[in-house]
Every structure is written in C-alpha cells, then in structure tokens.
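Note sheet for the following structure.
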Amino acid sequence: MNYLKSITTSVLQSTGVTFPFSIGERIPGLDSHSSIWEIREGVKRDDGTLLTLFIFDSTLPPFQPGNKDRRTLFQLAKNALKKLRTIRHPDVLKYIDSVETETHVYIATERVRPLEGVLREWETGGGLAGSGSTKGKGKEEWIGWGMKSISTALAFLNSPPLSQHHSYIIPSTIFITPSLEWRLGGFDLLTGRDDSAGVLWGLAGVAPGDVGQRCAPEVQKGGWVTLRDTDPAQSDTYILALLLFSLYNPLSPLPSLTSQPSPSSSGALPKALFPLWKRMLNPNSRTRLSTISFVDEATTSGFWANNPLVNLVDGLENFELKSEGDKLGLLRIIKDTASAGTLPPPFTIHRVLPSLLHSLSLPTAPSSAMLPLVLELGKLVPPTEYPKIVLEPVIKLYSSPDRGTRMALLDGLGDYADKMDAKMVSEKVWPNLITGFADTVPVIREATVKAVFPLASKLSDRILNNDLLRLLAKMQMDTEPSIRTNTCILLGRLAPILGPNTKKKVLVPAFARSLKDPFVHARVAGLMALMATVECFDKEDLAGKVVPNMAFTMVDKEKLVRDQAFKAMNMFMSKITEMVKAMPDTVLTEDRTSTSYGPVTTTSAANGTGQAGLVNSATGAAGALAGWAIASLGKQLAQTEMHSSMSASASSNLAPPSTTSTSTSPAASPRPSSDGSSFFGTSPTTPGPSVPKAKSASKPSTLGPYSSTGLKLGGKKPAATPSNLADVVAGEWEEEDGGNAWGMDDLIDVNADQDDWSAFESAPVPEIVVPPPQSYYVRSPPKTNGSSTQQAAPASSSRGANPNPTPVSTFAHVKSPLVPASTSTNKSPSPSVAATDDWGDVDDTTSSAKASPQKAAATAAAAPSLAGLSKEEKEKEMARRREERKARIAAMKEQKKGKS
C-alpha cells in the first residue's frame, strides 16, 4: 500500500492533479485474474466520507492469464469511468469522484465489497446471521432479493433510450454494500447499440474472466460484432440466466447447454424460477425471454412477492404511503424476523434502521411503535458505528414537536443515554428536553422529570446546580401529585452529584416542602429522600436543619407517614450520636471559663440526673434546673480573688450608691420616703438638687480608674440628683429612649494609651471653629465649699507614673448645649415633669463668668434624647456632637498650655 501511495503521489505531482481522496487497505474477495481493477478502501479528503477506490495502473506488468497488454486494457478502464460517471440508478454502483491520468484511472464509489467475497463469508458464517436451516433460508431469500435488483438494473440499461449492451454480467462485476444491497458494476464493456466505435465490438475478447464461456450462442458463432444487430435485452438475458445458476450453485460448473435445460440441470435453482430460466436460455435470440420480460413475469408470478426480504424492502421504501394498519403490520414483521434471526445483522443495521429513522422523522409515523423497535434493533450496531447510525438520528427527533415522538424518546432513554457524551447532552438534548417541563400535558411533564436522572451525570455544573434546580423548584409546585412526588425522588437521587454549596442550600428546603405536601406519598418521599441523603449533611445541618424540619411528621395524620417519620428520626439520631462521639467534652479551658464566659454551671448528682449531667425524666429535668441555679450561685471564689477589693468594671454602667449619680433603673432610683432616708439607706438629705463633689479646676489631679468622682471618656457624666419623683421618671424615660446621648462607641477610651492622650500631647493643635452665637465651652468652676464635697483620691506625683491617665475634673462640669425644641423634643412620661433646659446659664462671652455646678449637672442630665428623631436627624445630631467634643478637647489643651 505504501508503494502504491508513493507511485500515486509521484504520478499526480508530475501531472499537477490534486488527489481528492486517500488510499487505504486492499479489499479482499476479488480474484486478480477475474478483473482489471484493484479495489481498496478510501476516504474523501474534504469531508471524510468513506469510499471504495477502483484503481487501474497501466504501468504494471502484463495482465495474467493471457499475457494481456495493460495499455489495451486501459481502454476498458476509461470506458468504465465514462459510463459510470453518466449513468445513475438505485441498483447501479454509485459514482462519487474520479481521477484520470495518462497511466492511471481512479474511480471512487460508495462503499462496496465484491460479491464473491460476501458469498464465501456467508458460507463460513462470518458477520452474517443464522445457522443451519435459518442460515440456508436467509441466504436463499437474500439471493432472490439481489437477483431482483440486478435484473432490474440490467433491464434499465437494456431498455430505450439507453439501449446498452452490458455483456459482462459475471460474479466479479457485482458488488455488495454494507447493508447487503446488490449493485451492478462491470461497465468495462458497456456499449450502446448504435455506438459504432464501442469497445464491445473489438475488445470484449480481452476482458478478464469467463465471459467468453457465458456469452450467447450467436456470439460464440459470429463474434461480438453480431450484437450490433441484436436487442441488448435479448443478448444480456442469456448471461443473466447463467449468473442465476452460479449464484444458487456456487460450487457447480456451468451446465451443458447443448440440449434443452431440464430441472435436474438447474441444480438448486428455485422451482418457481425454472420456467423463466429455461426461456432465458433459448438458443434463438428472437424467441428468448428478454431481461425486461423476465422482471415483469417474475413479479406477476409472485416469485418475489413470496420473498419476505423483498416484501420488507418494498414496505420500507413505501412506508410513508401505507395506511396506519399496514405500517403497524410491517413493524411487526420486522420485529418478528429480527427476533427469529432470519435478518442478517448488516441488513438490519444499514438498511432497516436508516429507513425507520427516516420515516420516524415524519409527522405521520407511529412513533410510539417505531422508536422502541429502532432502539431494540440498535443493540445490534457495533459501538463504533452506533453514534452515526442510531444516536445522531434519534437525537434530532428531540426537536420534533410531536408529543408521541417525545414520549417514545423519553421512555426509551435508558437504551441510549449511556452512549451519549456530555457535549451532545448539553448542546443538543437539554435545550429541547426542557420544553417538556412546561408542557400542558401532565404525562409529558412527568416523563421529563423521570428522564433527568439518566442524563444527570452528563450535564454541566451550571445546568445541574442552577438551571435544572430552578425547573425542579417549579415542578415541586405542580398541580399533579405524582409529578411533585417524582420531583422529590429525583432530587434525592441527584443529591450525591450536586455541588457542596447547592446541597446545603437546596436539599433541606426542597425536602421540607415535600413534607408539607397534601399528597401522602409526597410526604413519604420527602422523608425517604432525607434518609437517602443523610451522608450529604454534617452534624450541624442534621441537628439544626434536618431534624427540626421533619420532626412534625411524627404526628402526621397518616400512619404511613408517621411510621416512616419515626424510622427517619431514629436514623438521624443514631447518625448524630455517632458524629458527636468525636467531639471534645468542651472547647473552653478553665481560665476562659472563669474569666471570659462567666461561671460554668454544674449539676450535682443529688438532682436526679444521670451521667454527665443528663436527665432521663421530666421530674429529673425540673430538679436539674434548680440544681444548676443553686450550684451557680454557690460557686466559691478563686484563691486569687479571696482578699481583693471590690470595684466596678471600667466599662460597667453601674455606679456605687451615691447622691451624685442618678440610677437608670426604676428599682435603683431614689424615691422620697416618709422618714427622709434614701432608697439605698444612706443618710437623710433634704429635698432638692444636691451639690456634686468635685475638685477645683485650679488643682487638677490625675484620678485612678476606679475613682468614684472622676469621669472617664466613654463613661457616664455625673448627673444631678432629681429633687422629685417626676424628675426621676423623666430621667428613666430618657434613659430608655435614647440611653447615653453621647453614645459609648463615639468617646475616647482613656485606657488606650497609644490612641488617646499621647496623640493629643504630640499632635499639632488644630484650628478651633466655634459655631456662633453661643460658646460651648465653660471655664472650670471654683472650689465648692458645700458640706457634701468629697475628697479626691491622692494623685500620683508625675504624669508618667500612671500609665492610664484620666481626664481632669473639669470634664465633669462641661455643659452640653441643648438642641432647640423645634428639632428634638424629649417626651416625659408625666405632664408634671419640669423642663430642664436653661440657655440663661450658658456664658456667651466665654469670659470669667462662673457656672453653677448644680446647673451644669442638671443641664448635662437633660441632654436631648435621640429616640424621637429620624435616622437622618440622628446622624446629623451625632455628627454635631462629635465636632463639639473635638472642639472641647482642643479648648482643654489650650487651657492646659495657658496654665503652664
């Protein structure tokens, strides 16, 4: 083959001809002495079509036997190409392409094999069906069908207007397609009756084969020239009769025709065919049965009508014209013959299947009966040929709007789903399949839902985790209960191949919806789906989502659901129990337990609990609850805490009982009593605002973080003690509405050294912009000589001695400007609450005017609430307060520099 390729390439390069196909392996079955052609496999370069190449090379040695000159035989090759290129008939070898040079002829035809090779294969059983009697019967039927095709093609050539003499009808000129259809070839000697320059008249004697022994008696007497005056149909019928004998008696020599043929001389020729065969061998050409008459009389006598294979082929060719009953009858015949094994597999694969698939694409086809038969016959197709022969035509049917076709496709999906690749499913099947989800016929919708699972493994991640789930969400709300149930089942089967995020987001809500379905079996399906997908959930999802969402089904009105629910619950609890065994007893260390998370409650054994503080009954649970409270309150102090002093947390909002602070809780608010003592039992005081105890501004001191008189940034301002119940209630209402008007998160944390005071001491002083017309900053008040003044804690000798310095006592006396009544109004729970805003106490000139400490405290306590403001107003008010705070800090630094 490589030698032939190199010779072909060199020859074509020298002539400048482009070779349109590639040459493959040699096809066996044709004897070299019976034909001038070498037959090889080929492939068309432009589209990859499989071909059969007939190659004649005139440069080879003389043809044997007979030592015939190949230059002479070259005329036969060129004649065959000329005739084959111009003649078209279904039973004639189909021409595709050709290349002709001065020394070579290449003819590309449809894929065929020599008849002689197929007959030998039939005898050995290779690739052909049947054995024993079935084998012999099938072969006889196949030969009968083939003879019908050859005689029909020959009658077409012999009849006007062609009137061609074939004269080369021998087994080596007949070829078989992959579907076992017969094709007439051998146009080497084909010559028209009126063609005076035809090759038949002068070169028929050099043609290979035993054509000289098969020619008519008049030719044997007068030579091939005598055929010029003979009807082609009467001369070719003699050679056709001898071909019939050779086909039915392949191992017998040609009969002696010196006398009239007898039934014994016909061998295995069918008896019904003998009368016609005898007339075809008439020595007198004028009374001899012509090829055209042979075809007609064989048809009218019923010889071919009794051949099941012929009837099957005729039915397939005229399938669209048959009635509904005839179509179904033909489908039954195909099914029965295929099951009995009388149909050769190549015929079924390449002839029956393509015809059925073509008819199936028509709207009048009985798709519900045809498609199952197509898929059943498709099992005979080799895996390498299945995509082209069966799969591609079947996939095209998905674009058909016919419901019967779609239903048949979905019902038979299991037969071909595994043979489709992911690209075919995503690009060709899925876009057409999704139309079934919205079909108005419930049967189509349900079949579409069922068809998803066989294709799921070939769907892309985007389709599987997005598009498909959107459609299934709609199908779960379908009006048909069976569709909702099957949708839930489908989700349960799809769960293992869904994405991790999709599992967490979709499965529990989808199954929970089924658990609330009014259809009993849908609820059961939801429970079974949860059980089937238990491996998809972690312990948090099982305990926090699955169990809570299915627990109510244990009291379902249907016993079927309840029984399944209890089985599911037992399964989930067993699963959770196994999962939590690997968990630690606690994630909290002893230090974190006591410092960060408060006391750890424990339960004593006396409370009726089991191991590890668990209870087994309602009574034990009640006792355990009481035991937890007692154990928690009775917990002993740690050794490091035993002798330490009690103090309030820096971030705590609680204050020690003092007359200088107002409690924010009604329970802790001082109420006037008959004996004049305070609520917490302190010394009696006279009604009216008390004087706060503060150090003079002229002697600033650094107070410790636990000082009761120093105010830290981020803490509460000391407020004046209300003089009556109305003031107390007003303060509590304001505290409930807005809390601290400054906002604890906006103030500076004095305990953060790096972020607070050090930055103030090193940063440049910004320009202070004081909003007119009033001054927001009040000078430090003078020392108060009241009897209720409180001595401050001793200050440290230097600033560096205290790593957490606190602001000076001046911050305790800074007034906060009041918001005008038109902007924010503090509602009092009682009409008797007196207004506390007094703009007359503010020194607008920022001179040496003295502000009363009582007034300052009362003003600070009466800061407007944010509860009644809108979101935008609150943001504006808080922004104004932040600017005010910054300005105040800057003023303090200026004051500090002035003193120094």
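The values are calculated or read from the model by the stated rules, or taken from the named source; none is laboratory data. Nothing here was measured: the structure is a model prediction, and the numbers come from that model. In this analysis, Cβ positions are derived from the backbone assuming ideal geometry, glycine residues included, and neighbour counts consider all displayed protein chains. Just so you know, the surface numbers come from the protein's heavy atoms only, side chains and all, with ligands and any DNA or RNA stripped out. Shrake-Rupley method; radii C 1.70, N 1.55, O 1.52, S 1.80 Å.
Brief remarks follow.
- Filtered residue count, the range 61-78, keeping only those that are assigned to a helix (DSSP H, G or I) and either open to solvent by 20 Å² or more (accessible area, probe 1.4 Å) or over 19 Å from ILE174 (Cα atoms) (or both): 7
- Within the range 155-229, helices (runs of 4 or more DSSP H) holding 2 or more residues that are open to solvent by 20 Å² or more (accessible area, probe 1.4 Å) and in contact (Cβ under 8 Å) with a residue 12 or more places away in the chain: 199-203, 217-222
- Matching residues in the range 380-396 - criterion: being buried (at least 18 other Cβ atoms within 10 Å of the Cβ) and hydroxyl-bearing (Ser, Thr, Tyr): none
- Reported count of residues in the range 21-60, each being farther than 24 Å from VAL206 by Cα and part of a strand (DSSP E or B), is 13.
- Selection status of ASN307, among the polar types (S, T, N, Q), under 30 Å from SER367 (Cα atoms) and open to solvent by less than 30 Å² (accessible area, probe 1.4 Å): yes
- Any hit, the range 453-461, residues being basic (Lys, Arg), outside any helix (DSSP H, G or I), touching a helix residue (DSSP H, G or I) at 6+ places or on another chain (Cβ under 9 Å) and within 28 Å of ARG406 (Cα to Cα): yes
- The residue that is surrounded by the fewest Cβ atoms within 10 Å (Cβ to Cβ), counting only those in the range 487-518 that are hydrophobic (A, V, I, L, M, F, W, C) and within 20 Å of PHE566 (Cβ to Cβ), is ALA512.
- Residue in the range 466-480 that is surrounded by 16 or more Cβ atoms within 10 Å (Cβ to Cβ) and among the small types (Gly, Ala, Ser) present: no
- Of the residues making up the range 337-395, not one is touching a Phe, Trp or Tyr at 6+ places or on another chain (Cβ under 6 Å) and among the basic types (Lys, Arg).
- Hey, LEU257 on the phi < 0 side of the Ramachandran plot and in a helix (DSSP H, G or I) or not: no
- Scanning the range 291-333 for residues that are of a type in the set (A, V, I, L, M) and touching a residue at least 40 places away in the same chain (Cβ under 8 Å) yields ILE292, VAL295, ALA298, LEU309, VAL310, LEU312, VAL313, LEU316, LEU328, LEU331.
- Look at the range 568-597: where a residue is closer than 30 Å to ALA529 by Cβ and a partner is at pLDDT 90 or above and among the charged types (D, E, K, R), sitting 6+ places away or on another chain with Cβ atoms under 7 Å, you get ILE576/LYS539; MET579/LYS539; VAL580/LYS539.
- Test set (1) in contact (Cβ under 8 Å) with a residue 40 or more places away in the chain; (2) open to solvent by less than 30 Å² (accessible area, probe 1.4 Å); (3) within 19 Å of LYS396 (Cβ to Cβ) - VAL452 fails condition number: (3)
- Given (1) surrounded by 14 or more Cβ atoms within 10 Å (Cβ to Cβ); (2) among the aliphatic types (A, V, I, L, M); (3) within 26 Å of ASP439 (Cβ to Cβ), index of the condition MET531 fails: (3)
- Yes/no for GLN854 being modelled with pLDDT of 80 or more and open to solvent by 20 Å² or more (accessible area, probe 1.4 Å): no
- Of the residues making up the range 271-304, those that are closer than 14 Å to SER151 by Cβ and part of a loop (DSSP other than H, G, I, E, B) number 5.
- Within the range 589-606, the presence of a residue that is within 30 Å of LYS504 (Cα to Cα), of a type in the set (Asp, Glu) and modelled with pLDDT under 95 is excluded.
- The single residue among ARG484, ARG445, ARG406, ARG462 that is open to solvent by 50 Å² or more (accessible area, probe 1.4 Å) and not β-branched (Val, Ile, Thr) turns out to be ARG462.
- The condition of being farther than 29 Å from GLY436 by Cβ, modelled with pLDDT of 90 or more and open to solvent by 70 Å² or more (accessible area, probe 1.4 Å) holds for only one of ASP421, ASP411, ASP326, that being ASP326.
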